[in-house]
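Single-structure report; data block below.
The values are calculated or read from the model by the stated rules, or taken from the named source; none is laboratory data. What you see is a predicted model, and the numbers here were worked out from it, not measured in a lab. No Cβ is skipped: glycine too gets one built from the backbone with ideal geometry, and neighbour counts run over all protein chains shown. Areas reflect the complete protein model, heavy atoms only, side chains present, ligands, DNA and RNA absent. Shrake-Rupley method; radii C 1.70, N 1.55, O 1.52, S 1.80 Å.
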Amino acid sequence: MRKALRWLLSLAVLIGTMTATGATAGAATAAEPDIKDRILAIPGISLIEEKPYAGYRYFVLDFTQPVDHHNPYSRATFKQRITVLHKDTDRPTVMYTSGYDVSTNPSRSEPTQIVDGNQVSVEYRFFPESRPTPTNWAKDDIWQAASDQHAIFKALKPVYAKNWLTTGGSKGGMTATYYKRFYPRDMDGVVAYVAPDDVVNTEDSAYDRFLANVGTKECRDKLAGVQREALVRRGSLEKKYQQYAADNGYTFTTVGSLDKAYEAVVLDYVWGFWQYHLLAECSTIPADAAHATDQAIWDSIDTISGFSFYTDQGLAPYTAYYYQAGTQLGSPTIKQPWLGKLSRYGYQPPRNFVPRDIPMRFQPWAMRDVDSWVKHHADHMLYVYGQNDPWGAERFSLGAGARDSAVYTVAGGNHGSKVSMLAPDQKASATASILRWAGLNPAPAKPRAPFDTKLDAPQLTREPSLRP
């Protein structure tokens, strides 16, 4: 009897101990930091807002950066806008940038959808929401921007410990490339879309050859006809432009005059069509420009180039871009011989689109350095271009030193070309590379996350024509 009582007592103690241990374990699990708390515990990060989205956590954040990464302990800092689309810390992470500002609405880049991962989106330094006051514009360069991304990666890597990729389209693709060039060990792969590579800024004949042969002669002739007619009718259409500017409160201090702004818009027209539109859309261009109404010419130019863009108000958000174009990136200068002597200014340089109180000096070695590095050292880098996109006339190419890297072209594609638009065998190969770089093995040659009509809608931040 006593033995039975002792056994029952021992059993009760054992059960109690197990229960207490289980409760303790449960409490520890319950007390594990929430992902928002983990992110906000990182020095330099502050929350702007959290937005709900099914299956994710989405945070809009500020990240404190030094104005000059060469002198990180200086008191000169700024708050850089970033967003985090959180899926799971056990998933890969994609760092995305457009090279411009950042959207504060949830979205996924194509690589994020392919790897079904997290996404950290970064606003480029010195765009309006990420600009220090006063602004030392000399620090708006590709190394400083790459160092911004490096600092963000180092801060978030302890939270998101799986593989990281970086991506972006156009100037974002350039930005992803520069990041890999300066910090080659950070990212496990780069997916760069429609990224220009203007190695020698003063030699742009590749663009002229491209525009002389792109699409069909019928479409090229229609576009040239509208563009010529817009300059022939400069007098009457500039009166319309003057009224348009007055009605909307637009001014022209930066570019210098309404006439210069008008011509800049018109000269962007042909390039802008091929950058953003498809050959099939040539049916929307007036077929007989000489007999079209002023309104028809105006509407076609405005739809493709945008008469608001070269106003002070249109240029202001892009000062950081034009500064870089005029100091490091370069910019196209194309001839358009079909205009004859109708053009008064030709393609205007970036200097004309930056306020005159900001000094600028071009550094011709910057792009030569990056181009040479990609040719000889590219590793886990994938480039996608569009066949009919003018920016692809000067593109990145791979040399003998490149490893596990590729360049693809979308047939008939424009500046919105993606991996999903490639020919089936190329699409499968590119997708498999992305999955492999993300550490997802075995890597089936198809996206891992289903398409989401909101998250995966094209991220069409309207960029100026003739600007990446």
Output ordering of 44-54, 151-161, 380-390 (per-residue mean of other Cβ within 10 Å, highest first) is 380-390, 151-161, 44-54
Taking Cα atoms only, helix 365-377 is inclined relative to the longest principal axis of the chain by an angle, in degrees rounded to 10, of 50 degrees
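Per the helix-only calculation at 222 nm, which mean residue ellipticity applies to the chain, given -39500 (n - 2.57) for every DSSP H run of n ≥ 4 and division by its residues, nearest 500 deg cm²/dmol? List each step's numbers first, then the result.
Details: 15 runs with 175 residues, N = 468.
That calculation yields -11500 deg cm²/dmol at 222 nm.
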Looking only at lysines whose Cα falls under 30 Å of Lys222's and that sit 8 or more positions away or on another chain, we get Lys171, Lys239, Lys240, Lys260, Lys335, Lys341, Lys418
Of 317-324, 163-170, ordering from highest average Cβ density within 10 Å down gives 163-170, 317-324
GluC sites (Glu not before Pro) in region 134-233 lying in a DSSP loop, each with at most 12 other Cβ atoms within 10 Å of its Cβ, come to Glu203
In degrees, nearest 10, the alpha-carbon axis of helix 424-437 is tilted away from the dominant principal axis of the alpha carbons of the chain by 50 degrees
Which residues qualify? For Tyr347, with a placed amide H closer than 5 Å and at least 5 residues away or on another chain, they are Ile334
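Rounded to the nearest percent, how much of the accessible area of the chain (1.4 Å probe, protein heavy atoms only) is carbon and sulfur? Kindly include the intermediate steps, with their values, before the conclusion.
Numbers: 11450 of 20800 Å².
Carbon and sulfur: 55 percent of the exposed surface of the chain.
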Rounded to a whole number, the Stokes-Einstein D of region 319-449 in µm²/s (Kirkwood radius over Cα pairs; 4 °C; 1.567 mPa s) is 73 µm²/s
For region 22-143, the convex hull over Cα atoms projects on average to an area in nm² of 9.6 nm²
Shape descriptors of the chain over alpha-carbon atoms, Rg and Dmax in angstrom, are 26.5, 116
The long-range amide H neighbours of Tyr58, using H built 1.01 Å from N in the peptide plane and a cut-off of under 5 Å, are Lys51, Tyr53, His86
Probe 1.4 Å, heavy atoms of protein chains only: per residue, the accessible area of the chain in Å² is 44 Å²
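State, to one decimal in nm², a quarter of the convex hull surface area for the C-alpha atoms of region 206-311, i.e. the direction-averaged projected area.
About 6.8 nm², averaged over all directions.
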Sorted largest first, the C-alpha extents of region 333-401 along its principal axes in whole angstrom are 45, 35, 15
The convex hull of the Cα atoms of region 73-123, divided by residue count, gives a volume in Å³ per residue of 99 Å³
